[in-house]
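Here's the structure we're looking at; comments come further down.
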Amino acid sequence: MGKRLRIYLPFAANELKRKMAYKGAFYLFIVISLFKSFISYYLWMAVYGSSNQAVIGGLSQSEMIVYVFMVYVTSSVMIPISDAISDDVVKGTVAMNLIKPIDYRLSLISRAVGSMIYNFLAPSVFIWIGVEIYKVTVLGLAPVTVERIILYLISCIMSFLIYVLFDFCFGMIAFFTTYILGLMMVQEALLGFLTGQLIPISFFPQAVQTLFEFLPFSSMIYTPVMIYLGKYSGEMLAFVLARQAVWIVILYVLGSMIWKRVTRRLVVLGG
Amino acid sequence: MRTCKRYLRLYRVLITQFIKTIMQSKVDFLMGLFGFFFTQIMGIAFLYLVFEQIPSLKGWTLDQLIFIYGFAQIPRGIDHLFTDNVWLVAWRLVLNGDFDRYMLRPMNIFFQVIAEKLQPDALGELLVGTILVVRSLSKGIVITDPLHGILFFVSIFAGALIYTSIKLFFASFAFWIKVSGPFLQLAYETADFAKYPTEIYAKGIRFLITWVIPFAFVAYLPASFFLKSEASGVVIGIECAIAVVFWCIAYAVFNKGTHVYESAGN
């Protein structure tokens, strides 16, 4: 364990340093990604204003505000790695990774950990604090309890693992086609729905909800945010956390299987 | 007249070359197209879900919002199709010195930049936009007298020019700061705000997207002219004026930029 940490920690540390180097661009991208949150904030305000019900899709207007911005905070754990895989495959550098005595997937995940820590520290924590202050002072809701923060963070870490393990499997497509940009866009658009990022899953018809809850994607964003909102308790809470853990195992095994098959048929030219 | 003909011929030659490279990888082309198409469809699905809960949004019906959404895609798609290479100026052509080759040829520089590439992915946006507009026409919610018909095409053209101008303006910063991609991205993404009626936003945001980065004039404002009979055609006039002014500014900055351009390394 200690040895492993010594091998893979530098990957995370390097990624963190690399991110720090391009601070200017990074802050602009924060503003851009916040655009989406603000658009949905204003849209939801108008929706609640036009509705004659106080609670829509199981959420009150105040809860929806918290939902929208906590989605932003939570999505900082969604660090894509499939673009790096595609890059490595196209350039052939994936061959170098095969001859080194390191696990390719673990090195990618370590790099993602670096990015995640940076994303989480740089904008997300501040936005989170902002949400809490706004929630208590303007919306007049009770502040979040320590217990719930801990549960939320545990759920977030599992979300991170589910996402990177899933994206690793997705990235394996790069071995079959060189242009996965189009597919990445499809993935992003689909995930917007399936994870609850665009709209809470509780807004879907019952049958669709059941399906979405069964898929691994709702565990990425929807589950931690709903935990944060205090929508789960007791057995239900244990169930959603266990479901996240199960998906980690499934996706890990699936990724290993695909990786084995794919590297067997890999042909790299030159080098 | 002769220069015009020459440029048309050059454009055909350059684009033919480009299309040959696309044809080498048809699968990539189809996937890009599908990607954009799919993203737009998801945007519509989102509207449907929201309107399951409410009868109208600030007085707008679902059908009207779908028209605004679709209408907005057309100028965006046109600009995307023809001038996508401007993005590369912002991200790398100036940085790595590749811009040299435009400086050396006896042709208009901006023409060379855009003639080098067509972005077929944009067809996805155009396709969705057209489908949604046709759908709205068949529902009879759009005004269809000849005046509105002509202004429809004028508006689309002016809207595309506004897009191109904003892109060119921010991309031109690259001549001074080498990479202006993040700024361009920031400006470009504000277009997302204009997909919905601007009444839903706070005053500051409304002002920003109407007059500073005028994407409201590409999407929501002209679209509402085609939906509501009491709306005045002046809005299309302002759209055209904005398009011309922004284009002149952007092109002047671009020209100035090409004069301060310094190549990179050897």
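So which helices (runs of 4 or more DSSP H) are wholly in the stretch A:2-111 and hold at least 3 residues that are away from chain B (no Cβ under 14 Å) and of a type outside the set (Ser, Thr, Tyr)? Write out each step before concluding.
Details: elements: A:2-21, A:23-50, A:61-74, A:82-91, A:94-99.
Fully inside the stretch A:2-111 and qualifying: A:2-21, A:61-74, A:82-91, A:94-99.
Might you check whether a residue that is closer than 24 Å to A:TYR252 by Cα and away from chain B (no Cβ under 12 Å) occurs anywhere in the stretch A:174-188? Looking through the stretch A:174-188, at least one residue is closer than 24 Å to A:TYR252 by Cα and away from chain B (no Cβ under 12 Å).
For A:SER202, state whether it is polar (S, T, N, Q), more than 30 Å from B:VAL27 (Cα to Cα), more than 16 Å from the chain's Cα centre (by Cα) and surrounded by fewer than 21 Cβ atoms within 10 Å (Cβ to Cβ). Reasoning before the result, please.
On the way: polar (S, T, N, Q): yes; more than 30 Å from B:VAL27 (Cα to Cα): yes; more than 16 Å from the chain's Cα centre (by Cα): yes; surrounded by fewer than 21 Cβ atoms within 10 Å (Cβ to Cβ): yes.
Spelling it out, A:SER202 is indeed polar (S, T, N, Q), more than 30 Å from B:VAL27 (Cα to Cα), more than 16 Å from the chain's Cα centre (by Cα) and surrounded by fewer than 21 Cβ atoms within 10 Å (Cβ to Cβ).
Restricting B:LYS167, B:LYS178 to those that are basic (Lys, Arg) and either over 12 Å from the mean Cα position of the chain (by Cα) or under 14 Å from A:PHE35 (Cα atoms) (or both) reduces the list to B:LYS178. Looking at (1) more than 29 Å from A:MET45 (Cβ to Cβ); (2) within 14 Å of chain A (Cβ to nearest Cβ); (3) free of Cβ contacts under 8 Å to residues at least 12 places away in the same chain, which is the one condition that is false for B:PRO146? The single condition B:PRO146 does not satisfy is (2). Scanning the stretch B:83-128 for residues that are closer than 24 Å to B:GLY159 by Cβ and among the hydroxyl-bearing types (Ser, Thr, Tyr) yields a single hit, B:THR83. Selection within the stretch A:241-255: residues that are without any contact (Cβ under 8 Å) to a residue 60 or more places away in the chain and under 30 Å from A:ALA95 (Cβ atoms). The member of this set that is surrounded by the most Cβ atoms within 10 Å (Cβ to Cβ) is A:ILE250. Taken over the stretch A:99-149, the criterion of being basic (Lys, Arg), modelled with pLDDT under 90 and under 19 Å from A:VAL68 (Cβ atoms) is satisfied by no residue.
For (1) closer than 20 Å to B:GLN40 by Cα; (2) β-branched (Val, Ile, Thr); (3) more than 14 Å from chain A (Cβ to nearest Cβ), each residue gets a yes or a no:
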| site | (1), (2), (3) |
| --- | --- |
| B:LYS178 | no, no, no |
| B:GLU189 | yes, no, no |
| B:ALA202 | no, no, no |
| B:ILE209 | no, yes, no |
| B:TYR220 | yes, no, no |
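Checked against the criterion of being of a type in the set (Val, Ile, Thr), crowded, with 19+ Cβ neighbours inside 10 Å and within 14 Å of another protein chain (Cβ to nearest Cβ), the candidates A:THR195, A:THR223 yield just one match: A:THR195. Suppose the filter is closer than 21 Å to A:LEU229 by Cβ, of a type in the set (A, V, I, L, M) and surrounded by fewer than 16 Cβ atoms within 10 Å (Cβ to Cβ); does A:ALA54 pass it? Considered against the rule, which asks whether it is closer than 21 Å to A:LEU229 by Cβ, of a type in the set (A, V, I, L, M) and surrounded by fewer than 16 Cβ atoms within 10 Å (Cβ to Cβ), A:ALA54 comes out as yes.
Quick one: would you say A:ALA238 is assigned to a helix (DSSP H, G or I) and touching a residue at least 60 places away in the same chain (Cβ under 8 Å)? For A:ALA238, the condition - assigned to a helix (DSSP H, G or I) and touching a residue at least 60 places away in the same chain (Cβ under 8 Å) - is not met.
Could you check how many residues of the stretch B:111-126 are away from chain A (no Cβ under 14 Å), assigned to a helix (DSSP H, G or I) and either buried (at least 20 other Cβ atoms within 10 Å of the Cβ) or under 14 Å from the mean Cα position of the chain (by Cα) (or both)? Outline the logic, then answer.
Going residue by residue through the stretch B:111-126, those that are away from chain A (no Cβ under 14 Å) are B:111-118, B:126.
With assigned to a helix (DSSP H, G or I) added as a condition, the list becomes B:111-115, B:126.
Right, trim to either buried (at least 20 other Cβ atoms within 10 Å of the Cβ) or under 14 Å from the mean Cα position of the chain (by Cα) (or both) and you get B:113-115, B:126.
Adding up the residues that qualify gives 4.
Filtering A:PHE212, A:PHE204, A:PHE175 for residues that are touching a residue at least 24 places away in the same chain (Cβ under 8 Å) and touching a helix residue (DSSP H, G or I) at 6+ places or on another chain (Cβ under 9 Å) leaves a single hit, A:PHE175. One residue stands out in the stretch B:42-65 among those that are farther than 16 Å from A:MET45 by Cβ and of a type in the set (D, E, K, R): the one that is nearest to the other protein chains (Cβ to nearest Cβ), namely B:GLU52.
Of the residues making up the stretch B:74-100, just one is within 14 Å of chain A (Cβ to nearest Cβ), at pLDDT 90 or above and assigned to a loop (DSSP other than H, G, I, E, B), namely B:ASP84. Of all residues in the stretch B:61-73, at least one satisfies being farther than 30 Å from A:VAL55 by Cβ, within 21 Å of the chain's Cα centre (by Cα), of a type in the set (Gly, Ala, Ser) and modelled with pLDDT of 90 or more. Selection of helices (runs of 4 or more DSSP H) fully inside the stretch B:196-266 by the criterion of at least 2 residues being within 16 Å of the chain's Cα centre (by Cα), of a type outside the set (S, T, N, Q) and more than 18 Å from A:PHE35 (Cβ to Cβ) returns B:220-227, B:234-260.
Residues in the stretch B:161-180 that are touching a residue at least 24 places away in the same chain (Cβ under 8 Å), surrounded by fewer than 22 Cβ atoms within 10 Å (Cβ to Cβ) and part of a helix (DSSP H, G or I): B:PHE175, B:TRP176.
The values are calculated or read from the model by the stated rules, or taken from the named source; none is laboratory data. What you see is a predicted model; the values in this text were computed from it and never measured. We place every Cβ from the backbone using ideal geometry, glycine too, and count neighbours over all the protein chains shown.
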